[in-house]
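Asks: Please read through the structure below; I'll follow up with questions.
Taken together, the values in this text are just the output of simple stated rules run on the coordinates, not laboratory data. Small disclaimer: the values here were computed from a predicted structure and weren't measured. Backbone-built Cβ (ideal geometry, glycine too); neighbour counts: all protein chains shown.
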Amino acid sequence: MRVNSLAFRLFAASALWTLVVLPITGWVLNSIYRQEIERVFDLRLDTAWWALVNLSVSPGATTPREPTATAFGDPSYNVPFSGWYWQINPVDPAPADKVLISTSLQGEQLSLPKTGVTTPLGSAYAVVDSIGPQKERVRMFSKILTYGDGAAAKQYRYIVTGNLTETDVTLLRFRSTLWLALSLLGAGLVLATFFQVRYGLRPLQQVEQGLGDIRSGKAMRLEGELPTEIVPLQRELNALIKSNQDIIERARTHVGNLAHALKTPISVLTNEARSDKTPFGMKVSEQVGIMRDQVQHHLDRARMVARSGSLGGATDVKPALDALVRVLSKIHGEKGLKLSATCDDQLTFQGEKQDLEEMLGNLLDNACKWAKARVEVTATRLPPAKRGQPAMLQIQVNDDGPGLTEAERAVARQRGKRLDETKPGSGLGLSIVTELVGLYSGKFDLDRSELGGLSARLKLPAA
């Protein structure tokens, strides 16, 4: 999954959304749960405060009475230093006043902090989070009650506390469980997204494979059962391929018609000029020959363009190469040349057979003309230079002739240039090879051969 790919974009967007939403969800759930825990906690303190009031207030009494441990409903207030305490103390204490405390305080007394006391909206209590006798975190509910009337009235502060450590532990357990669950959910969603993207985009791989088969000549159309969303693309691609094939076929027909139309007039002019031995006839014959070569060149070029622009051409290299070696061995047999060819049976050229034979034929014929005793041909498949690039095949023709200098190699590839007029030929062979290789986006090089002569190397697209 490369960074600049549709699969990565879909996966990254989904994974990023998951990684953003899940933490927010966790924070919201934790906040809701905390509020609910605190509500239940405060409700318990409220119940304890009212129980303390009911147990300590008597009709007509001027002072609170001490609640018994057994009468108090919540057993936590009887556990020593549990954090659950109650206390009743006079606001303006006199020497004889007594402070009433719960069993859990074990003789210690609570003091209401001077700062941080709040009265929540709708609450009749003063509420504060403070520190208990054993340095434990507690929440205090405090309210003042008045006993008696007039000048004899006296105020007492009723305090109940609850241990916040229990709330903290409960919240910590919930938070740990929540984040573990959300982490597993997030990992599952990311993994599911990955497989969903891979599965959802798999038909595109089928399209890629189908187009590769068309390009290599294994198929003529994009076939296969594709999802509904890709069927229009499949239909349009097949229509485009059919249109391309029709255009190429019409171009071939027009080239053939043009060749047939020009062949007869040129032949007539050639025959007439040859029968005239005057300087004028010889000049006409020379110019007709040039015209014939030019017409043939442009007709061949038009055929090459038509063939190289078509889809679905694939040619086995070994049969074509072996056939050329056999023919040239017979033609140049009187020189005693030894022609050898090494080629993989599975090597395939992505192009027309005529073009491959044209290129190989020119190179082999040129090598045989100049070689002293040996001509060697090797054809191999080259792996793609980068991922996504097409594979290439390399064909190398080596001879043991005199070879060419660097300057001569540059001249030899020019159209009509002949370095030695004593050898037969028109000087068009290597230029035709150069043009054909260019049409197939290949590469053609001339270099020094290991055999001592010339080395011609072709790099062409492999099917």
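Asks: Would you compute, from DSSP H runs of 4+ residues alone, the mean residue ellipticity of the chain at 222 nm, taking -39500 (n - 2.57) per run and dividing by the full residue count, rounded to the nearest 500?
Replies: -17500 deg cm²/dmol
Asks: Give me the number: length gained by fully extending Ala61 to Ser340, i.e. 0.36 nm times residue separation minus the C-alpha to C-alpha distance, one decimal in nm.
Replies: 87.7 nm
Asks: Related question: With r as the distance between the Cβ atoms of Leu16 and Ser111 and R0 = 56 Å, compute the FRET efficiency 1/(1 + (r/R0)^6) and round to 0.05.
Replies: 0.60
Asks: Please list the non-local residues whose amide H lies under 5 Å from the amide H of Arg374, H modeled 1.01 Å from N, same-chain partners needing a gap of 5 or more.
Replies: Counting only residues 5 or more places away or on other chains, the set is Lys338, Asp400.
Asks: Give, in nm to one decimal, the length gained when the segment between Ala187 and Lys386 is fully stretched (0.36 nm per residue of separation minus the Cα-Cα distance).
Replies: Gain on stretching Ala187 to Lys386: 68.3 nm.
Asks: Right, another one. Sticking with the crude label model, points 7 Å out along Cα→Cβ, report the distance from Ser243 to Val327 in nm, one decimal please.
Replies: 3.8 nm
Asks: Nearest 0.05, what FRET efficiency do Lys283 and Glu229 give at R0 = 60 Å with Cβ-Cβ as r? Walk me through the numbers on the way to the answer.
Replies: On the way: r = 69 Å, r/R0 = 1.15.
Approximately 0.30, to the nearest 0.05.
Asks: For segment 172-304, compute Rg over Rh where Rg is the Cα radius of gyration and Rh is the Kirkwood radius from the inverse mean 1/r over Cα pairs.
Replies: Dividing the radius of gyration by the Kirkwood radius yields 1.53.
Asks: Expressed as cubic angstrom per residue, what is the convex hull volume of the alpha carbon set of segment 6-171?
Replies: With only Cα atoms used, segment 6-171 gives 153 Å³ per residue.
Asks: Could I ask something else about it? Would you grab the residues whose amide H sits under 5 Å from the one on Phe81? Only those 5+ places off in sequence or on another chain, please, with H modelled 1.01 Å from N.
Replies: Leu105, Gln106
Asks: Here's a follow-up. So which helices of the chain fit the span-like rule, where a helix is a whole DSSP H run, its Cα atoms reach 18 Å or more along the axis, and its mean Kyte-Doolittle is at least 0.5?
Replies: TM-like helix candidates: 6-56, 164-200, 317-331.
Asks: Moving on. With a 10 Å Cβ neighbour count serving as the proxy for reagent exposure, in which order, fewest first, do Ser431, Ser102 appear? Write out the running numbers ahead of the final one.
Replies: Values: Ser431 18, Ser102 27.
With the fewest neighbours first, Ser431, Ser102 line up as Ser431, Ser102.
Asks: Shifting gears a bit: With the crude spin-label approximation of a point 7 Å out along Cα→Cβ, what separation in nm comes out for Val295 versus Lys218?
Replies: According to this spin-label approximation, the distance is 4.5 nm.
Asks: Test of understanding: what is the full-extension gain from Arg252 to Lys443, defined as 0.36 nm times their sequence separation minus their Cα-Cα distance?
Replies: Once the chain is fully extended between Arg252 and Lys443, it gains 66.2 nm.
Asks: Of Phe72, Phe8, how do they rank once you tally other Cβ atoms within 10 Å and put the fewest first?
Replies: Sorted ascending by nearby Cβ count, the order is Phe8, Phe72.
Asks: Next up: Counting other C-beta atoms within 10 Å, which of Glu408, Glu358, Glu36 has the fewest, and how do the rest follow?
Replies: Ordered by Cβ neighbours within 10 Å, fewest first: Glu36, Glu408, Glu358.
Asks: Using only the alpha carbons of the chain, determine the length spanned along each of the three principal axes and report them from longest to shortest in whole angstroms.
Replies: Sorted from largest, the Cα extents of the chain read 158, 47, 36 Å.
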